[in-house]
Every structure is written in structure tokens, then in C-alpha cells.
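Throughout, read-outs are computed from the coordinates displayed, never taken from laboratory work. Note that the structure is a prediction, hence the values are computed from the model and not measured. Please note: Cβ atoms are built from the backbone with ideal geometry, for glycine as well, and neighbour counts cover all protein chains shown.
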Amino acid sequence: MSMLDSKIPEGHISQKWTDYKNHLKLVAPNNRPKIDVIVVGTGLAGSSAAASLGEMGYNVKAFCFQDSPRRAHSIAAQGGINAAKNYQNDGDSIYRLFYDTIKGGDYRAREANVHRLAEVSGNIIDQCVAQGVPFAREYGGLLDNRSFGGTQVQRTFYAAGQTGQQLLLGAYSALSRQVGLGRVQMFHRHEMLDIVKVDGKARGIIARNLVTGEIERHSAHAVIIATGGYGNVYFLSTNAMGSNVTAAWKIHKQGAMFANPCFVQIHPTCIPVHGANQSKLTLMSESLRNSGRIWVPKRKEDAEAIREGRLKPTQLAEEDRDYFLERRYPAFGNLVPRDVASRAAKERCDAGYGIEANDTNEGVYLDFSSEIRSKGKQAAFAQGDQNPSEDKILELGKKWVEEKYGNLFQMYEKITDENPYETPMKIYPAVHYTMGGVWVDYNLQSSIPGCFVAGEANFSDHGANRLGASALMQGLADGYFVLPYTVSDYLANEIRTGKIPTDTPEFEEAENRVKSSIDRMLSNNGTKSVDHFHKRLGLIMWNKVGMGRNEQGLKEAIEEIATLKKEFFADVFVPGSAEELNPELEKALRVADLIDLGQLMAIDALQRKESCGGHFRDEYQDEEGETLRDDENFKYVAAWEYKGDDISQEQLHKEELKYEFIKIAARNYK
Amino acid sequence: MASKYINITLKVWRQKNANAKGAMETYKLNEVSTDSSFLEMMDQLNEQLINDRQEPVAFDHDCREGICGMCSMYINGRAHGPDTGTTTCQLHMRKFNDGDTIYIEPWRAKAFPVIKDLVVDRSAFDRIQQAGGFVSVNTSGRTMDANAIPVPKVDADKAFEAAACIGCGACVASCKNSSAMLFVGAKVSQYALLPQGRVEAKERVLNMVRQMDEEGFGNCTNTGACEVECPKGISIENIARMNREFLKAALTSEK
């Protein structure tokens with residue numbers, strides 16, 4: 001029944017990629033300039049792929065909707081990037097990184113893909129250092145590391161709280177070099193609005209020039225989609241305002257399967273919601289959990305007093321605080337994986353212990369006072385002061401914290417007007433990352449031949465929950481070290497094809513699809529703004545397809561989204577014209593796709609009658625409230641096939657996951 | 001902090017497109033939460049304009065957490081508004097008072113032409129980067145081990161501080177000469193401070209400075225406004241370092 005061939009190579013897990021790579025077809029250097037490749041998106045995956053393919057000699061066209069490729073949302077990743085270098089001599093290895101990632105993903109990712117990721121992780125660090133990425137270093141001049149959730153080693157490389165920025169600027173510099181050399185043509189302020197297929201193969205895209213509004217045809221022998229995740233389906237998320245699913249959804253509508261859409265990561269440490277006009281949520285890096293301890297009051301009356309401003313958190317005695325992660329998960333403590341930490345915070349707030357004075361009382365503390373004291377004492381000792389005063393300890397401790405997390409503390413203070421050096425941060429989980437995405441095989445090729453998908457846009461490596469500092473690793477692994485090989489293998493059959501013309505019926509048809517969708521928006525003449533509908537979609541998704549899901553809620557969500565879709569197309573108002581810079585039109589086109597996707601997420605969550613990773617069904621939990629997986633019935637990738645405008649008709653295909661090298665077990669962080 | 005609501009008057013630069021003549025327009029906006037960011041206030045204005053069947057104000061923005069460098073407003077005569085070390089998305093309405101009139105304009109510089117309303121074209125920065133802002137190393141997976149060359153922590157930290165530039169253009173907008181030397185100086189410094197960047201240091205600084213001049217940015221006259229308004233606190237030491245690198249390269253270049 002399955003149409004899904006994952007193309008996982010035979011052989012031992014540690015040899016699969018090497019052997020496979022050695023047998024892939026190549027394109028000779030003299031043939032590469034005859035071949036065109038389109039890359040959509042210029043985050044870590046897109047920039048690194050475009051730069052690498054340009055270096056190889058292909059003609060590359062790269063597209064981004066922002067005003068510069070450097071603005072892609074990879075820039076905002078804070079904490080770090082994992083690599084199995086074992087520089088800290090704490091027992092790390094490729095196998096450990098592989099194992100941690102599979103376990104962290106709650107046994108819903110492919111072994112072969114994840115092992116490949118772990119294998120190339122070390123090369124990424126080497127490559128980035130060679131590019132001049134200024135990672136944090138120790139006094140001896142060597143690279144520093146820290147810990148992230150779901151691991152017991154220190155394998156995370158970082159650049160203060162701006163690791164994503166530094167890695168993206170590294171990839172952007174490599175891309176810029178190729179643009180300067182004429183190997184890559186850069187199209188900024190351009191948005192891909194459809195894919196063009198000829199004889200079943202991806203042969204180009206239709207893009208809108210966002211400044212002039214012109215609809216452009218671009219042909220290529222292969223198309224790479226690296227357009228990030230779809231967290232903005234919730235309206236409020238840590239994603240950038242422009243992050244969207246449109247490119248991924250357009251290829252889905254043209255035949256690419258969409259896999260595990262319900263696997264969404266809710267990140268535990270974000271700044272709580274403040275009000276109705278809020279446009280986005282801000283992450284406080286997971287790296288803070290190296291130093292911060294998460295707690296709520298032990299007594300409900302204390303929580304209430306705090307919410308009402310009668311009690312300050314710093315006044316609450318140590319024994320009156322419930323460090324609930326340390327209590328429930330002593331082995332990993334505050335560094336449990338994200339899904340586990342988020343659910344634990346929700347459990348406490350649902351039970352009435354939340355400390356935030358907003359509508360929902362949803363908030364818990366992330367407290368640095370213990371770390372400030374302990375690092376202050378260490379620093380004083382290192383200076384030869386074995387009996388430091390209280391003031392000295394605090395001063396040195398705060399200095400240490402500032403050096404590690406200064407920019408995060410500053411950002412927190414700007415947003416909340418509270419000083420986290422003096423009072424604990426208030427945090428609550430928020431939508432952050434999507435593990436689901438376009439289904440791809442081992443080559444990162446979607447079910448449309450010639451259309452590859454990389455980075456967060458694909459589904460492949462993180463299962464049902466991504467570990468911290470692994471998104472940057474995957475983006476760069478895909479772009480630098482996987483696609484150059486697998487795309488070349490595909491292109492080896494294209495050396496005789498010649499330039500692909502754009503004056504063909506296939507391009508015409510795709511262009512007409514785009515134009516009619518734009519006309520439909522602009523001529524609608526409804527009464528409500530795009531944001532009005534987007535916010536309503538977000539509320540349905542957060543309340544019914546969020547951290548806790550159940551059969552009834554999901555069924556309601558499916559109906560409510562169907563109704564919302566009808567209302568949207570009947571009543572949305574998009575001002576302006578198609579022939580100019582029109583941000584409302586851009587939003588409208590994106591929200592239309594997010595509505596469809598939201599419905600598919602609810603449908604996917606409904607069929608997955610188990611809890612795993614970020615997907616928590618209230619019906620499937622053990623007596624301690626932990627996820628209850630059902631490996632017998634749900635150890636598969638759910639890949640959905642588009643069947644027309646009615647999303648409820650999408651057809652489910654299952655790719656069975658095989659665990660040959662890791663023994664599948666219940667996740668335990670206790 | 002308890003949130004309050006304020007009523008404000010906005011004077012906003014409206015310009016249909018690059019060729020049209022622009023003008024300041026006045027809007028009244030009520031019930032703005034002081035917990036809102038400046039851009040959330042702009043969202044609220046646009047929602048009001050849409051409800052009144054008027055065209056919303058176009059402005060650049062994306063990450064809304066102070067790192068993408070996309071937001072670019074000149075507010076009450078200052079790049080990113082009345083706070084230091086901030087982008088517009090991280091500026092909050094609690095910095096304003098009930099009854100305030102707020103002036104909002106685009107970046108003004110010859111090298112940053114207005115596209116529409118508050119949106120400007122900063123692709124000149126990309127072209128400067130393309131001229132030399134990189135280390136010429138191909139993707140290989142066979143570069144040397146990342147720890148093969150120790151880098152003194154002081155140098156690594158300084159390189160990082162320079163590399164923290166978000167490319168927003170506030171330095172250019174704040175400079176009376178519309179100079180881009182803080183932006184270029186930061187990029188030149190990042191690489192000049194690291195052993196990986198030293199190999200091409202001469203060519204890099206010559207090429208980037210040449211491109212900067214071609215784009216029509218002005219020269220630096222050491223006023224220091226750029227440093228004051230830089231949301232990431234990039235130091236003008238970087239300009240001094242670029243000047244040293246440039247002189248050294250210009251005097252000893254073999255080309």
C-alpha cells in the first residue's frame with residue numbers, strides 16, 4: 001500500500017552514509033555550469049546549500065522574502081549547536097549523540113538519518129571555525145562547551161546567546177562570496193508562491209517580486225525548499241513574523257507528502273503573554289537551564305499572594321519553593337528535554353500554582369540566585385579571597401552570569417521591565433519549533449522528484465521532540481554535507497536536459513494559479529483584517545491542538561477551522577493592489593495556507609492515539625502523567641497526501657520505523 | 001509591572017513608492033498598552049487604518065526579538081527611538097507618555113533609497129559583504145580540526161563583539177555623513193582579529209572599502225553618533241582598526 005520509499009541504505013549504521021556516498025553518481029565539473037538549481041529560503045539550510053552548490057559550479061538562484069538573506073530566522077537561535085567532538089572528555093561520541101537524539105525524539109525518528117547527522121556534526125564545527133565564526137573560547141584558546149537538555153555531556157558549542165546569528169552570518173558570508181563571484185544569483189524580497197512540475201519532475205518556481213508585485217517564472221533542474229517551520233499557525237510563537245508554511249504547503253498541494261504535522265515543540269522557557277495586542281513570544285534560551293532553577297511556590301496561597309503583588313518571590317523561603325523538575329526528574333533535573341519541562345510547568349499552573357498576573361496565571365520562575373552565589377564564591381576563591389563578603393559574592397556572581405548570558409538578561413529586562421539579576425525570571429512554554437514537515441527520503445528528496453527539502457521544513461531528524469541545539473546542527477548538516485551529494489546524484493541524469501524553457505503550458509498554468517489566488521484576495525472586499533483571522537486560528541490551535549490534546553477537542557478544532565476557512569474567504573479585507581509592496585497581501589496568502597495546515601495538524605493529532613514527545617494526548621498517559629507511547633500501533637511516520645481543497649479528505653500513508661541498532665524503550669529522565 | 005494605557009498622536013512618513021513624493025501624515029491612536037512593543041503599537045495603528053478602509057503603513061520587521069536587524073524606524077529624531085542599545089522591536093511603549101506626539105520616519109541616506117513609507121532598500125550592505133566580507137574557504141568537511149589553532153580568548157571575544165552587528169543600518173541613519181564605516185569596520189575587524197581571517201586581510205579591507213565608497217556612503221568624521229545609536233553597542237574602535245588595516249593594506253598591497 002505504501003508509496004513511501006525511504007531509500008535507507010543497507011549495512012551497519014556506522015557505515016551506511018559512507019558506503020552510500022561512495023556509490024552516489026557525480027556530475028563532472030565541466031557539466032555543472034549547464035545545470036540550474038533553485039534554493040528557496042536563506043536560513044542555515046538554504047544559505048549553506050546555495051553556497052556549497054555554487055562552489056561546486058552549479059548555477060544557483062537563491063530566494064528569500066526578507067530584504068537580505070542574513071535576516072532569515074535562524075538568526076534568532078540563541079543557545080548553541082551540538083557536535084560530537086568530545087572536547088570535554090566526558091564520554092561523548094557519535095553514537096551517544098545519535099542515541100540521545102533518537103531517545104529525545106521519543107523513538108519517532110529514522111535511525112539512519114539521525115546517525116548521519118551525528119556523523120557530520122563535527123565537520124560543521126570545523127567548517128564554521130574555518131569561516132571565522134567566533135565561537136566562545138576558554139582562556140587556553142580552545143573552544144568552550146555547555147550542556148543542553150536531554151543529555152549528560154557537554155557537547156554544545158556557542159557564541160554567547162547569539163549562536164544562530166553567528167552561524168547564519170557564517171553561512172551568509174559563504175553565500176555572499178558566491179554571489180560576488182557570480183555563481184549564485186540572489187533574489188531578495190521575493191516570495192515563492194508555487195512550484196512548477198514538468199513530466200512529474202520539479203522544474204521551477206513561480207515567485208512574486210514583493211517590491212514591484214511582478215510575478216516571475218524561474219526554471220531549474222532541481223528545487224530545494226529550505227523555508228523553515230510552521231509555528232506561526234499558532235499566531236503567537238517564537239517564530240519571526242514572516243515565518244510561514246507557504247512554500248512547503250504549495251509543494252504539498254502539488255504532490256509532496258506532509259509528515260507528522262502534529263509534532264510541534266512547545267519550548268518551556270519563554271516570556272509569558274502580556275496582553276491582547278501581543279504579536280509574538282520571546283524565547284529565553286534553554287542554555288539558561290544550565291544555571292537557572294525552575295520553581296513555583298509549594299502553597300497555593302503563596303502563588304496567589306505573588307500574583308496579587310502582596311509577596312515577592314525573593315521573600316519566599318527555600319523550603320516553601322517547589323523545584324518541580326528537580327523533584328520529578330532527579331537524574332536530569334532542570335535539564336530534562338523541552339517537552340517534559342513544558343508539560344511539568346503546565347501541570348503546576350493548571351493545578352493553581354502559576355505566578356504570572358495575567359488572564360491565565362500561566363507562569364513559573366526561572367531563578368538564578370543559587371548560581372550567582374555559587375559562581376561568585378568560586379570566582380572569589382580563584383582570586384585568592386577565601387572568605388568573601390556577601391556583597392563580593394553577589395558582585396562576582398552577577399559578573400559571571402552577565403558574561404554567559406548578558407544579552408538574554410538585557411532582552412528580558414527590555415521586554416518585562418524587571419531586572420533578572422535581582423528577581424527571578426518569569427517564564428512559560430510557547431510554540432517554538434515544528435518537528436513535522438515535508439516528508440523526505442534519505443536523500444532529503446520529497447515525493448516530487450527533483451524537489452528537495454532541508455532544515456526545519458522537512459520532518460526527518462527530530463522525531464516527536466527535538467533536543468536543544470540540534471536545529472542549527474541539522475540545518476547546516478543538510479545544507480553543507482548532505483544535499484551537495486544527494487542533489488548531485490539526482491542531477492547526474494540531467495546533464496543532457498539543457499536549459500528548461502519557461503514559456504511552456506506548465507509554467508503558464510502555475511502562474512495562473514498564483515495570479516488567481518492573488519486576485520481572489522484583493523477583490524474579496526470583506527470587512528476584517530488578515531490578523532483577525534490569524535489570531536482566531538491561533539487560539540483554536542493553542543487551546544485544542546497545543547500542549548494537551550484530546551479526542552473531543554481535536555474533533556472540535558477540525559470543525560472550527562473548516563468554518564474559519566469559509567469565513568476567511570468570505571470576509572477578509574486586503575487593501576492595496578497587486579502591483580506594489582503590499583504586506584497585507586503577503587500575510588493573506590500565508591494565512592490561507594496556515595489555515596489548511598492547521599486543520600491537517602488536528603487531523604494528524606486525532607489519528608495518533610498515543611502520546612509521544614511533544615504530542616500529548618490526555619487519554620494516553622501513565623499514572624505519573626508521563627507520555628504513554630504505543631509502539632505496536634503507532635511506530636510510524638504519518639505522511640499525508642493532498643486530495644483537494646477539502647483537507648479532511650487527505651490520505652494517510654504510513655512509513656514504518658525500524659529500530660535495528662537502538663533498543664526501543666520508554667523514555668526515562670528520572 | 002502593571003500595564004497602563006496611553007493615547008498618542010503619530011506623525012508618520014507616507015510615501016507611495018520610490019518615485020513618489022512623501023509627506024508626514026497625522027494619526028490619533030488610543031488605548032495603547034504600555035507593555036506593547038513599538039511595533040505592536042504600529043500593528044494597532046494598521047488595524048485601525050484597515051478598519052477605516054485606509055492603506056496601512058508599510059514598515060520592515062521580522063524577528064521582533066532584536067536580532068534580525070530588519071526593523072528600521074527613525075523615531076523622534078533617533079534611530080530605533082528614545083532608548084539606547086535597542087532595536088525598534090525591543091522599544092516598549094512604557095518609554096512614552098499619555099498625550100505624546102511621536103514622529104516616525106524612514107532611514108534617511110542616499111545609499112538607502114525609500115521603497116515605500118518606512119521601508120528602505122539596504123541591499124548596499126549585501127553588496128559590501130559580497131565584495132570581501134568572508135573567508136575564502138569552500139565547504140569540504142575536510143578543513144582542519146576546530147581546535148587546531150588556539151585563539152586567545154581576548155581576540156575571540158573582540159571578534160564576537162564586532163560580529164554581533166545586525167546590519168540594521170542605524171549607524172548610517174544616525175551619521176550626519178551617512179557613513180557606513182561602523183558596519184564595514186565591524187566586519188573587517190571580526191576577520192582581522194581571527195587567524196582564519198588574516199590570510200586575506202589586505203584584499204578584504206581594500207575591496208570592502210572600495211564597494212562602500214561606490215555605494216555612495218559618506219566618510220567618517222569621528223562624531224561617534226553611530227556608536228551611541230548602535231543597538232548592539234558596536235564600538236568605534238572597529239572603525240579605527242579598519243583604518244589601520246586599510247592604511248597597512250594600501251601601502252603594502254602587491255596589486
Percent of Cα-Cα pairs per 10 Å bin, from 0 to the last occupied bin, for the stretch B:123-164, please list those.
21, 36, 38, 6
Could you please report the charge total around A:SER389, scoring K, R as +1 and D, E as -1 over all other residues with beta-carbon less than 13 angstrom from its beta-carbon?
-1
Can you list the residues of the stretch B:170-212 with backbone N under 16 Å from a point 7 Å past the Cα of B:ALA18, pointing along Cα to Cβ?
none
Report the relative contact order of chain A, percent, no decimals, based on alpha-carbon pairs under 8 angstrom and at least 6 residues apart.
21 percent
Simple SL model, points at 7 angstrom along Cα→Cβ for B:TYR5 and A:LYS555; separation in nm is 4.0 nm
Principal axis lengths of chain A from Cα atoms, whole Å, largest first?
79, 58, 50
With viscosity set to 1.002 mPa s at 20 °C, what whole-number translational diffusion coefficient in µm²/s follows for the stretch B:122-191 from Stokes-Einstein and a Kirkwood radius over Cα pairs?
153 µm²/s
What number, rounded to the nearest 500 deg cm²/dmol, is the helix-based mean residue ellipticity at 222 nm of chain B, given -39500 (n - 2.57) per DSSP H run of at least four residues and division by all its residues?
-10500 deg cm²/dmol
Using a Förster radius of 60 Å, what is the FRET efficiency between A:GLN651 and B:ASN138 based on their Cβ-Cβ separation? Nearest 0.05, please.
0.90
Counting only other chains, and only Cβ atoms inside 10 Å, what mean value do you get across the residues of A:269-275?
2
Ellipsoid equivalent to the stretch B:123-252 - semi-axes via the Cα gyration tensor, in Å
25, 16, 14
Using the 4.7 Å Cβ rule, please list in number order the cysteines from chain B without any candidate partner.
B:CYS71, B:CYS89, B:CYS165, B:CYS168, B:CYS175, B:CYS220, B:CYS230
Along each principal axis, Cα extent of the stretch A:401-443, largest first, Å:
50, 22, 15
Rounded to whole angstroms and listed largest first, the alpha-carbon spread of chain B along its three principal axes comes to 62, 43, 37
In Å, what Rg and Dmax follow from the Cα atoms of the stretch A:131-264?
19.2, 59
Fewest to most neighbouring Cβ within 10 Å: what's the order for A:ASP593, B:ASP100, B:ASP60, A:ASP5?
A:ASP5, B:ASP100, A:ASP593, B:ASP60
Among A:573-586, A:619-632, the order from most to least packed when residues are scored by Cβ within 10 Å on average
A:573-586, A:619-632
For the stretch A:224-333, the convex hull over Cα atoms projects on average to an area in nm² of 10.5 nm²
Rounded to whole Å, give me the distance from the Cα center of the stretch A:1-29 to that of the stretch A:181-221.
29 Å
Using Stokes-Einstein with the Kirkwood hydrodynamic radius over Cα pairs, what translational diffusion coefficient do you get for the stretch B:5-116 at 10 °C and a viscosity of 1.306 mPa s, in µm²/s rounded to a whole number?
110 µm²/s
On C-alpha positions alone, give me the angle between the axis of helix B:181-192 and the longest principal axis of chain B, in degrees, nearest 10.
40 degrees
Cβ-based exposure ranking for B:TRP13, A:TRP295, A:TRP640, in which fewest neighbours within 10 Å come first:
B:TRP13, A:TRP640, A:TRP295
Centre separation in Å (Cα based) which lies between the stretch B:38-101 and the stretch B:218-255:
30 Å
Could you tell me how many cubic angstrom of Cα convex hull volume the stretch A:505-629 has per residue?
127 Å³
Under 26 Å between alpha carbons: how many lysine pairs meet that in the stretch B:171-255, if sequence neighbours fewer than 8 apart on the same chain are excluded?
8
Rounded to the nearest 10 degrees, the helix B:237-252 long axis (Cα) sits at an angle to the longest Cα principal axis of chain B of 40 degrees
Shielding of A:170-178 by partners, i.e. mean partner chain Cβ atoms within 10 Å per residue?
6
May I ask for the Rg/Rh ratio of the stretch A:325-469, computed from Cα atoms with Rh as the Kirkwood radius, given to two decimals?
1.11
Just want the ordering: A:TYR323, A:TYR659, from fewest to most Cβ atoms lying within 10 Å of their own Cβ.
A:TYR659, A:TYR323
At what distance in angstrom do the alpha carbon centres of the stretch A:93-133 and the stretch A:519-580 lie from each other?
38 Å
Can you give the angle from 0 to 90° between the axis of helix A:94-104 and the longest principal axis of chain A, with both taken from C-alpha atoms, to the nearest 10?
80 degrees
Shielding of A:141-148 by partners, i.e. mean partner chain Cβ atoms within 10 Å per residue?
3
Taking 8 Å as the Cα distance limit and 6 or more residues as the minimum spacing, I'd like the relative contact order of the stretch A:423-574 as a percentage.
18 percent
